[in-house]
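Everything on this sheet refers to the single structure shown next.
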Amino acid sequence: MKGFLGSLCRLGGIRGYSGTFKRSQLRLEGVKDVIAVASGKGGVGKSTTAVNLAVALAKNCQLKVGLLDADVYGPSVPMMMKIDRKPDITEDKKMIPIENYGVKCMSMGFLVEKDAPIVWRGPMVMSALAKMTRGVDWGNLDILVVDMPPGTGDAQLTMTQNLQLSGALIVSTPQDIALMDARRGANMFSKVDVPRT
């Protein structure tokens with residue numbers, strides 16, 4: 001076991017051991033930069049921050065921006081971006097993100113009924129995340145903002161290992177317990193070699 005962990009450190013942490021993908025294969029076609037907006041816990045304003053960041057980058061900075069709602073169990077982007085329809089599908093079976101406020105959006109909330117619970121185990125969540133990243137025709141984007149699910153579990157690791165993140169923005173409230181969880185989130189990104197602010 002020690003040899004295995006040692007090899008991970010030499011390869012660049014857990015991120016270096018992201019399956020058989022080369023670093024260039026982690027990039028999404030046509031997407032220049034990917035920024036994760038994360039927190040160690042829910043209810044701290046992470047989705048609000050992600051949505052406002054995406055809209056500001058599109059409107060104020062005139063960038064081509066995408067917004068991926070990776071919170072499969074509690075998608076917020078459909079309500080925050082005022083989108084209530086399903087995405088269209090291309091001939092090669094890729095979903096077309098729905099655009100509003102100058103931002104191309106994709107969310108599990110577009111694919112299920114509004115109040116339907118998503119009762120899935122890990123493998124189904126990982127499959128859904130893969131389809132919402134590589135199964136989407138994002139086109140050419142300057143930046144893709146990813147609204148990460150709260151915590152530091154399988155979904156977060158899958159996203160950081162399968163996408164070449166340019167950086168991560170950690171969101172917290174000033175309470176001690178929220179800050180403690182935010183530090184855990186920041187430490188997770190450090191372990192997978194993702195720059196964070």
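The values are calculated or read from the model by the stated rules, or taken from the named source; none is laboratory data. Everything numeric here is computed off the predicted structure, so don't read it as measured data. Glycine also receives a Cβ, built like all others from the backbone with ideal geometry; neighbour counts cover every protein chain displayed. These area figures cover heavy atoms from the full protein model, side chains too; ligands, DNA and RNA do not enter into them. Shrake-Rupley method; radii C 1.70, N 1.55, O 1.52, S 1.80 Å.
If I ask for residues that are assigned to a strand (DSSP E or B) and either among the aliphatic types (A, V, I, L, M) or touching a helix residue (DSSP H, G or I) at 6+ places or on another chain (Cβ under 7 Å) (or both), which ones from the stretch 32-71 would you list?
As a first pass, look at the stretch 32-71 and keep what is assigned to a strand (DSSP E or B): 32-38, 65-69.
Answer for the stretch 32-71, where residues must be assigned to a strand (DSSP E or B) and either among the aliphatic types (A, V, I, L, M) or touching a helix residue (DSSP H, G or I) at 6+ places or on another chain (Cβ under 7 Å) (or both): Val34, Ile35, Ala36, Val37, Ala38, Val65, Leu67, Leu68, Asp69.
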*asked:* Anything in the stretch 123-152 that is modelled with pLDDT under 75 and open to solvent by 30 Å² or more (accessible area, probe 1.4 Å)? List them, or say none.
replied: Pro123, Thr152
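Given the residues Asp84, Asp92, Asp115, which is the only one that is among the acidic types (Asp, Glu), assigned to a loop (DSSP other than H, G, I, E, B), open to solvent by 20 Å² or more (accessible area, probe 1.4 Å) and at pLDDT below 90? Can you show your working first?
On the way: Asp84 fails: at pLDDT below 90; Asp92 fails: at pLDDT below 90.
Selected residue: Asp115, the only one of Asp84, Asp92, Asp115 that is among the acidic types (Asp, Glu), assigned to a loop (DSSP other than H, G, I, E, B), open to solvent by 20 Å² or more (accessible area, probe 1.4 Å) and at pLDDT below 90.
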